[in-house]
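Single-structure report; data block below.
Where a number appears in this text, it was derived from the coordinates with a stated rule and is not lab data. The model shown is predicted, which means the values in this text are computed figures rather than measured ones. Cβ placement follows ideal geometry from the backbone for every residue including glycine, while neighbour counts extend to all protein chains displayed.
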């Protein structure tokens, strides 16, 4: 009986060790993005210690110099190409340490193209909003913009796939817009200004079917200025 008991305990210990080992070897999806650690290491050595206006996002946020675009020295970007909302959450304390008055959030497109369920994306977005509000920071939602019909055609993208992803974008945006309206949160809907009648981003605003060109950023900046004016920032 003792041998049997010891054998059972040993099996349990070994099984637990295997589970712990497997967990330690796994890493969250956002950490598999090579841009994540690279950009965070740069953010950590930047001299800016406080900024009134912060842009939290992915490659769309990283694609422009915000202080130059807006002509404001108190505006900075914290965008990481390919980042997803769990990555935003992981680095949110770094955003809060900047003591911003307002944070413009642009995220979700990479989650959608990673086939993350819309409900999961939405709840992660709400966590970001809630944490910012708990620190008396104004959150602004930038609804996710569409992909173009022929986005990523050189590596397997098709109009059908992009149309399907855009319908997921519609689902997420509807949820975010309704939440914003219910909770008196500002939001920016660039699809109203930059999309085609058949539900794709107009390619005249993008250089690759997804990422904005100068004309796209010009439109975004104008919408941002309306909100900054509202808050006298």
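In degrees between 0 and 90, to the nearest 10, how far off the longest principal axis of the chain does helix 34-45 point, with axes built from Cα atoms? Approximately 70 degrees, to the nearest ten.
Compared with the dominant principal axis of the Cα atoms in the chain, helix 118-134 is inclined by about 80°.
Taking other C-beta atoms within 10 Å as the exposure proxy, 78, 167 rank 167, 78 from fewest upward.
Most exposed first by the Cβ proxy, i.e. fewest other Cβ within 10 Å, how do 231, 151, 46, 122 rank?
Ordered by Cβ neighbours within 10 Å, fewest first: 46, 231, 122, 151.
What the pair-distance distribution of the stretch 55-138 shows, using all Cα-Cα distances binned every 10 Å from zero, is 18, 50, 28, 4 percent.
Counting other beta carbons within 10 Å of each Cβ, put 104, 30 in order, fewest first.
Working: 104 26, 30 21.
Fewest to most other Cβ atoms nearby, the residues stand as 30, 104.
Report summary: the helix-based calculation at 222 nm, which adds -39500 (n - 2.57) for every DSSP H run with n ≥ 4 and divides by the residues of the chain, gives -16000 deg cm²/dmol.
Mean separation of Cα pairs under 8 Å and 6 or more residues apart, divided by the residue count, gives the chain a relative contact order of 16 percent.
Computed over the chain, the percent of Cα pairs more than 29 Å apart is 33.
Name the residue, out of 166, 35, 184, whose mean-square fluctuation peaks in a Gaussian network model built on the chain with Cα pairs under 10 Å. Answer for the Gaussian network model of the chain: 184.
For the stretch 81-218, count all C-alpha to C-alpha pairs, find those more than 17 Å apart, and express that count as a whole percent of the total. Result: 60 percent of Cα pairs exceed 17 Å.
Beta carbons within 10 angstrom, averaged per residue: use that to sort the peptides 140-146, 214-220, highest first.
Descending packing order for the listed peptides: 140-146, 214-220.
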